[in-house]
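Everything on this sheet refers to the single structure shown next.
The values are calculated or read from the model by the stated rules, or taken from the named source; none is laboratory data. Keep in mind that this is a model prediction, so the values were computed, not measured. No Cβ is skipped: glycine too gets one built from the backbone with ideal geometry, and neighbour counts run over all protein chains shown. Each accessible area value is taken on the protein alone, full model and side chains, heavy atoms only, with ligands, DNA and RNA left out. Shrake-Rupley method; radii C 1.70, N 1.55, O 1.52, S 1.80 Å.
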Amino acid sequence: MGTPNILLTRIDNRLIHGQVGMTWTNTLGANLVIVANDEVATDEVQQNLMDMVLPETAQSRFFTIEKTIRIIDKAAPHQKILLVVRTPEDALRLVEGGVPLKEINIGNLHFSEGKKQISPVVSVDESDIAIFKKLTALGVKLEVKGIPNERGFDLMTKI
């Protein structure tokens, strides 16, 4: 069908939650939230929990990374898509698979042992940094921004 109408692609460990479900979806005017994640694609409990925080104006789809790559170009023009992935690796797999992403919003990457905190809600390790460098080399702009009215910043200026 052509190029999918992807309004925003977001990396967020939590996938769909209040910020994504209501704030981002409503601000963008998205009517379809696609979660591209291999684990959640087969977990109805997680899917049901995520659906609860979406406005009535938006539908959801839960696909594996491979299925997303395979079918995203078949999206209808009226589908205004918010694409959400859990990890930088998932985002890279989409880009390398041909999904046309020019910009990615980094919303939340939990802190854990061995990670460097670059914002209050984004922490990265060496593997994440390597993936973000690959995404940048592929022409993808990376912006850290928690909510739509927040001032974001270029991730690469902090790593």
For segment 4-19, the count of residues that are polar (S, T, N, Q) and in a strand (DSSP E or B) equals 1
Within the set of pairs 6 or more residues apart or between chains, which connect a residue that is within 15 Å of M22 (Cβ to Cβ) inside segment 54-70 to a residue that is part of a helix (DSSP H, G or I) and open to solvent by less than 20 Å² (accessible area, probe 1.4 Å) with Cβ atoms less than 7 Å apart? L54/G21; L54/T25; P55/T25; A58/T25; S60/M50
So, in segment 79-133, exactly how many residues are closer than 19 Å to L8 by Cα and part of a strand (DSSP E or B)? 13
Being open to solvent by less than 90 Å² (accessible area, probe 1.4 Å) and in a helix (DSSP H, G or I) is the filter; apply it to segment 49-66 and report the residue that is nearest to P88 (Cα to Cα). I65
Mind telling me which of the residues I69, I34 ends up being part of a helix (DSSP H, G or I) and under 20 Å from G2 (Cα atoms)? I69
Pick from K80, K115: which is of a type in the set (K, R), modelled with pLDDT of 95 or more, open to solvent by 80 Å² or more (accessible area, probe 1.4 Å) and on the phi < 0 side of the Ramachandran plot? K80
Any residue in segment 25-43 that's on the phi < 0 side of the Ramachandran plot: show its pairings with residues that are assigned to a strand (DSSP E or B) and among the charged types (D, E, K, R) at Cβ separation under 8 Å, as long as the two are six or more apart or on different chains. L32/R61; V33/R61; I34/R61; V35/R61
Residues satisfying the stated conditions in segment 134-144, i.e. in contact (Cβ under 8 Å) with a residue 12 or more places away in the chain and either part of a helix (DSSP H, G or I) or farther than 16 Å from K102 by Cα (or both): K134, L135, T136
Can you tell me which of (1) open to solvent by 30 Å² or more (accessible area, probe 1.4 Å); (2) assigned to a strand (DSSP E or B); (3) of a type in the set (V, I, T) is the one T23 doesn't meet? (2)
Qualifying positions in segment 94-112 - open to solvent by 20 Å² or more (accessible area, probe 1.4 Å) and in contact (Cβ under 8 Å) with a residue 40 or more places away in the chain: V95, E96, P100, E103, H110
